[in-house]
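These notes are about the structure you will find just below.
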Amino acid sequence: MKSQIKNYLSVTKKEWNGLVVLVVLIVLVLAAPYVFQLFRKDKVADFTNFDKAVAQLSKAGSSRYKS
């Protein structure tokens, strides 16, 4: 009985190698987003010119409607 269970649950060399490759691929896929974040630089947007333009437009628009 014990030998039948052992034969049923045994893993061949090919199966073991396939399992190792599968585990390595899963780990690489799960680690990819974290590695990507390390090398990615976030671009910071500078809105100072935009804010100045909005202020000028709102100033021009308000002076236009005052007359």
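Is it true that residue 54 is aliphatic (A, V, I, L, M) and part of a loop (DSSP other than H, G, I, E, B)?
Taking the combined requirement at face value, the residue does not satisfy it.
Would it be correct to say that residue 30 is assigned to a helix (DSSP H, G or I), loosely packed, with under 10 Cβ neighbours inside 10 Å and among the aliphatic types (A, V, I, L, M)?
yes
Right, residue 59: more than 25 Å from the chain's Cα centre (by Cα) and either among the charged types (D, E, K, R) or surrounded by 10 or more Cβ atoms within 10 Å (Cβ to Cβ) (or both) or not?
In short, yes.
Go through segment 5-18 and give me each residue that's of a type outside the set (Asp, Glu), modelled with pLDDT of 80 or more and part of a helix (DSSP H, G or I).
5, 9, 13, 14, 16, 17, 18
The values are calculated or read from the model by the stated rules, or taken from the named source; none is laboratory data. What you see is a predicted model; the values in this text were computed from it and never measured. Neighbour counts are summed over all protein chains in view; Cβ atoms, including those assigned to glycine, are modelled from backbone coordinates with ideal geometry.
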